[in-house]
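Below: one structure, written as structure tokens.
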Amino acid sequence: MHRHPGNPILTRADVPDVPPLLTDATSVFNPGAVKAGGLYVLLLRVQARSRETFTMVAESADGFRFGVRPEIVEFKGIEAVREKIYHIYDPRITRLEGAFYVMFAMDMDGGCGLGLARTEDFRDFRFLGLTSTDDVRNGVLFPERIGGAYLRLERPNRARHAGGPATGSEIWLAESDDLLRWRPRGPVMAGRFHYWDEFIGSGPPPIKTRRGWLHVYHGVATHFGSANVYQAGVSLLDLGDPSRLVGRSRGNILEPREIYELAGQVPNVVFPSGMIVEEFDAEGFALPASPVKIYYGAADTVVGLAVTTVGELLEAASESPFDPILLI
Ligand code: BMA
């Protein structure tokens, strides 16, 4: 991955005030991304000095100079959820059957849930429902039905860093008939303990290529004394049965190195959450030569952009793993 020279492409200074809820924003990070009507659109996770979390929309004609709209996204209908929702965050955007679906984490007393909203224009957002029953995060929808079912990757939260929030070391595939009720199908990949990706979670929604579903994920190394290090990696899932892992990068493809990744609210974090692939063939497969833009949160404080191509990601996903047993 190659960092954009203008990084970080969004900082708190780019976030307009939306009084009374948001003035002098603290941080902006972990954006969902999509290209819609020729414009690059980001859904931003913005934190205020109250540490309340807001979702805001940013737009750009070139993919790196973004303007943030001076409004807070309202997910209409979310008031139907009976439980108190503390935070809505880390939105992932999937274009599916002509609309945009946004899947996000919802922190509630019972743990983290996955909420789903739909929009056609990034102005009006309709909350469709809480789509999980267990503690789970990093839900990403596939952009089409496979074998008749809607599919998503999700990360059950069954572990915890010392003193940190619940996390997990397995990514699962789940299926649904209506996008609202999901059934787990089985594990897709597991963390590789002692190495870079001990705890894992999906990044942006998968991209269809002729070789399989290209899946960028984050991995957390927890074996350092004072910090957990969040990095990005890539794996490849079988086209017809995405529960089958067919490739995985041995090392990470992006790790905290720049000062804005090493220092901030949560140091040593790159967290990929949005990916835009520019070129597809007539049947909807991403072209190997296509440029790819990956938007990521850096140190839970700013937004970074890293670029590559589909071909480079496929190559990285074909590296041999350290141990075939770990390539489940
Ligand atoms: C994860 C999530 C992300 C966050 C990351 C680093 O568990 O909460 O939203 O960016 O930790 O703090």
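The values are calculated or read from the model by the stated rules, or taken from the named source; none is laboratory data. As the structure is a prediction and not an experimental result, all values here were calculated from the model. All Cβ positions, even for glycine, are placed from backbone atoms using ideal geometry, and neighbour counts span all protein chains on display. Note: areas computed on protein heavy atoms with side chains; ligands, DNA, RNA excluded. Shrake-Rupley method; radii C 1.70, N 1.55, O 1.52, S 1.80 Å.
Numbers below:
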| item | result |
| --- | --- |
| Checklist (1) closer than 29 Å to residue 287 by Cβ; (2) under 15 Å from the mean Cα position of the chain (by Cα); (3) not polar (S, T, N, Q) applied to residue 230, failing item | (1) |
| Filtered residue count, the stretch 197-246, keeping only those that are assigned to a loop (DSSP other than H, G, I, E, B), more than 15 Å from the ligand (Cβ to nearest atom) and either at pLDDT below 95 or of a type outside the set (S, T, N, Q) (or both) | 12 |
| For residue 50: the one exception among (1) within 15 Å of the ligand (Cβ to nearest atom); (2) under 18 Å from residue 300 (Cβ atoms) | (1) |
| Filtered residue count, the stretch 116-136, keeping only those that are more than 10 Å from residue 103 (Cα to Cα) and either among the β-branched types (Val, Ile, Thr) or within 18 Å of the chain's Cα centre (by Cα) (or both) | 6 |
| Pair list, Cβ under 6 Å, 6 or more apart: the stretch 263-278 residue open to solvent by 20 Å² or more (accessible area, probe 1.4 Å) and more than 9 Å from the ligand (Cβ to nearest atom), other residue among the β-branched types (Val, Ile, Thr) and part of a loop (DSSP other than H, G, I, E, B) | 264/301 |
| Residue among 165, 156 that alone is exposed (fewer than 15 other Cβ atoms within 10 Å of the Cβ) and under 18 Å from the mean Cα position of the chain (by Cα) | 165 |
| Residue count for the stretch 47-59, restricted to those that are assigned to a strand (DSSP E or B) and touching a Ser or Thr at 6+ places or on another chain (Cβ under 7 Å) | 1 |
| Selection from the stretch 60-90 of residues that are in a strand (DSSP E or B), open to solvent by 60 Å² or more (accessible area, probe 1.4 Å) and without any contact (Cβ under 8 Å) to a residue 40 or more places away in the chain | 86 |
| Subset tally (residues that are open to solvent by 40 Å² or more (accessible area, probe 1.4 Å) and assigned to a loop (DSSP other than H, G, I, E, B)) for the stretch 168-190 | 4 |
| Residue within the stretch 140-152 that is under 24 Å from residue 31 (Cβ atoms), at pLDDT 95 or above, open to solvent by 10 Å² or more (accessible area, probe 1.4 Å) and within 16 Å of the ligand (Cβ to nearest atom) present | no |
| Matching residues, the stretch 17-40, being within 14 Å of residue 55 (Cβ to Cβ) and not aliphatic (A, V, I, L, M) | 27, 29, 30, 31, 32 |
| Hey, residue 259 modelled with pLDDT of 95 or more and open to solvent by less than 40 Å² (accessible area, probe 1.4 Å) or not | no |
